[in-house]
Amino acid sequence: MFLSVASVLGESARTHPARVAVVDPGTRLTYRELWTRALCCAGALRASGVRPGDRVAVLLPNTVDFLYAYYGALAAGATVVPVHGLLVADEVAYVLRHSGASVLISDGPLWPVAEAGARAAGVRAVRGVPTDGDALLAAEPAAPDATAVILYTSGTTGRPKGALLTHLNIMMNASVVAHDLLELRPDDVVLGCLPLFHSYGQTCAMNATLRAGATLVLMPRFTGSGALDLMAAEGVSVFMGVPTMYHALVEAAAGNPAALIDATCRYRLRAAVSGGAALPVAVLERFEAAFATQVLEGYGLTETSPVATFNQPALGRRPGTVGHPVWGVETGVADATVEDSVVLLPDGEVGEVVVRGHNVFAGYLDDPAATAAAVVDGWFRTGDLGVRDEDGFLRIVDRKKDLVIRGGFNIYPREVEEVLVRHPSVSEVAVIGVPDEVRGEEICAVVVRRADADAVTEEDLITWSRDRLGRHKYPRIVRFAQSLPLGPTGKVLKRALVDPAS
């Protein structure tokens, strides 16, 4: 049996060859044209020495080039390693070395950091999607359990881990999103404003849209006003975003009420999906009032391909929850204090959310210890705390780990702390997330200065970290303290830093 993610595009090109597959600024491509160019990229990769099973890294913005490279590498039988678009060169180099990538494809504004990272890692960098060579006639077959994509997600130790997603993981999740959750149709138009290097944008927006033979409208840089204009111009019917995007859309609409006089005509949204972080109910209500459509919240992680639960219309919707498990997936709430086995708790009790099913990844690259800790008794331990009500709706209440979610991106404090503590004026540091109306959470560093370093300022430390971390990771807020609050075991009490009154 063969089941390649490349068939997401290949099959739709066979059944809907003349339908518009993707809209890029200034470009409209049919499924036939997109698949032809992907096979051309696959042939060029083969001609350059890439063989089935090799790893091809991709560092590209939200343009059609990402699709050429992604499906082209998969069609060549390679594993795709999407590189986060906000990383600095040293971080790019780590991903390239750790993944064992043989080549990095990049271009545009991301090329300078890609070139520097590739040079540091000793990896060949190609500027622009390669086209030299004879196009492949068909995609290389792939086993369902073969690795299709390696997505890097920061670990609590500060070292990014490579999550291995199989062809079956991605194909099933894209199919469930397209057919079971959203009932996407060929006449749907989906706004592709989520980063394609991210699991949410890649599987839910790109793969699910093309799986259904619908049209993906790419937006390289998201702004609220820009998204409103694009939604109206292209007749977008499905929007997928993170809470910060919903906030931006609501604010943009409020600033231009004339554009919403007849929202049902100007904006023909029939579905809106929110994920990545909890969407404030007040923002949800404002969006639904302005755009005359329901917002459906879901939940998942990179390691779950990503969708695990969703507010499915067939099962009812409950704002403030992340709904029920998707087709073929089970979720539970387990005793978070038991680490070597999964002990499920009854409804109504708070515990760690666990997931099992076709969406659970194949493990972390070259990290059997982390894999064994994450997958216990066949369940993936998410590290998130949740509670399920008597109707089966899951609500995420907290995080077991110190994860900060800024604008839909996962930030692990330890990685930021490791950079800040190297500053010669810093004695101790604790990084926390503080509430932010626009981004959900903002990164805040609480710093204890060295005894002789009173002159160091907030701006000094922000600049220091900005030069050494991806743009989504560095702290925008620095607070100074005489000492950090410690518990009985000497562990920093971060909750006391977030809420000094607690």
Original post:
Pick from Ala120, Ala125, Ala174, Ala142: which is of a type outside the set (Ser, Thr, Tyr) and part of a strand (DSSP E or B)?
Top reply: Ala125
**OP:** Only residues in the stretch 206-220 that are within 16 Å of Arg28 (Cβ to Cβ) and free of Cβ contacts under 8 Å to residues at least 24 places away in the same chain count as the first member; pair them with residues that are of a type outside the set (Gly, Ala, Ser) and surrounded by fewer than 24 Cβ atoms within 10 Å (Cβ to Cβ), Cβ under 8 angstrom, at least 6 apart or cross-chain, and list the lot.
**Re:** none
Subject >> Hits in the stretch 407-439 - residues which are under 23 Å from the mean Cα position of the chain (by Cα) and within 16 Å of Leu484 (Cα to Cα) >> reply: Pro413, Arg414, Glu417, Val431, Ile432, Gly433
**OP:** Considering only the stretch 417-440, state which residues are without any contact (Cβ under 8 Å) to a residue 60 or more places away in the chain and touching a Ser or Thr at 6+ places or on another chain (Cβ under 7 Å).
**Re:** Val419, Leu420
Original post:
Does Gly49 satisfy the criteria of being at pLDDT 95 or above, out of contact with any Gly (no Cβ under 7 Å at 6 or more places or on another chain) and in a loop (DSSP other than H, G, I, E, B)?
Top reply: yes
Subject >> Selection from the stretch 445-473 of residues that are of a type outside the set (Val, Ile, Thr), crowded, with 21+ Cβ neighbours inside 10 Å and in contact with a strand residue (DSSP E or B) (Cβ under 6 Å, 6 or more places away or on another chain) >> reply: Ala445, Leu461, Lys473
Original post:
How about the stretch 73-115: which of its residues are more than 20 Å from the chain's Cα centre (by Cα), in a loop (DSSP other than H, G, I, E, B) and not aliphatic (A, V, I, L, M)?
Top reply: Gly77, Gly100, Ser102, Asp107
Original post:
On the given criteria, is Leu96 under 22 Å from Arg471 (Cα atoms), in contact with a strand residue (DSSP E or B) (Cβ under 8 Å, 6 or more places away or on another chain), buried (at least 24 other Cβ atoms within 10 Å of the Cβ) and not polar (S, T, N, Q)?
Top reply: yes
Subject >> Scan of the stretch 363-377 for residues that are crowded, with 19+ Cβ neighbours inside 10 Å and touching an Asp or Glu at 6+ places or on another chain (Cβ under 8 Å), ordered by number >> reply: Ala374
**OP:** Of the conditions (1) closer than 19 Å to Pro141 by Cβ; (2) crowded, with 22+ Cβ neighbours inside 10 Å, Ala69 clears all except one; give me its number.
**Re:** (1)
**OP:** Please enumerate the residues belonging to the stretch 359-378 that are part of a loop (DSSP other than H, G, I, E, B) and either farther than 15 Å from Ala308 by Cβ or in contact with a Ser or Thr (Cβ under 8 Å, 6 or more places away or on another chain) (or both).
**Re:** Asn359, Val360, Phe361, Ala362, Gly363, Leu365, Asp366, Asp367, Asp377
Subject >> Looking only at the stretch 384-405, and only at residues there that are part of a strand (DSSP E or B) and at pLDDT 95 or above, the one that is farthest from His472 (Cα to Cα) >> reply: Arg388
Original post:
Taking interchain pairs and intrachain pairs at least six residues apart, which have beta carbon atoms under 6 angstrom, with the first residue in the stretch 7-23 and farther than 17 Å from Ala142 by Cβ and surrounded by fewer than 21 Cβ atoms within 10 Å (Cβ to Cβ) and the second acidic (Asp, Glu) and at pLDDT below 95?
Top reply: none
Subject >> the stretch 453-502, subset touching a Leu at 6+ places or on another chain (Cβ under 6 Å) and modelled with pLDDT under 90, residue nearest to Ile411 (Cα to Cα) >> reply: Val492
Subject >> Tally, over the stretch 165-187, of residues that are buried (at least 21 other Cβ atoms within 10 Å of the Cβ) and touching a residue at least 60 places away in the same chain (Cβ under 8 Å) >> reply: 14
Original post:
Across the stretch 426-440, which residue is farthest from Arg159 (Cα to Cα) among those that are surrounded by fewer than 18 Cβ atoms within 10 Å (Cβ to Cβ) and of a type outside the set (Val, Ile, Thr)?
Top reply: Glu437
Subject >> Filter result (outside any loop (DSSP other than H, G, I, E, B) and touching a Ser or Thr at 6+ places or on another chain (Cβ under 8 Å)) within the stretch 448-460 >> reply: Val448, Arg449, Asp460
**OP:** Go through the stretch 52-72 and count every residue that is out of contact with any strand residue (DSSP E or B) (no Cβ under 6 Å at 6 or more places or on another chain) and either part of a strand (DSSP E or B) or on the phi > 0 side of the Ramachandran plot (or both).
**Re:** 1
Original post:
If you go through the stretch 130-137 one residue at a time, do you hit one that is crowded, with 20+ Cβ neighbours inside 10 Å and within 25 Å of Val404 (Cβ to Cβ)?
Top reply: no
Original post:
Are any residues in the stretch 204-224 part of a loop (DSSP other than H, G, I, E, B) and in contact with a helix residue (DSSP H, G or I) (Cβ under 9 Å, 6 or more places away or on another chain), and if so, which ones?
Top reply: Ala212, Gly213, Ala214, Met219, Pro220, Phe222, Thr223
**OP:** Identify the single condition in (1) surrounded by fewer than 23 Cβ atoms within 10 Å (Cβ to Cβ); (2) at pLDDT below 95 that Ala89 does not satisfy, given that it satisfies every other one.
**Re:** (2)
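The values are calculated or read from the model by the stated rules, or taken from the named source; none is laboratory data. None of these values were measured; they are calculated from a predicted model. When we count neighbours, we look across all protein chains shown, and the Cβ atoms used for this are built from the backbone with ideal geometry, even at glycine.
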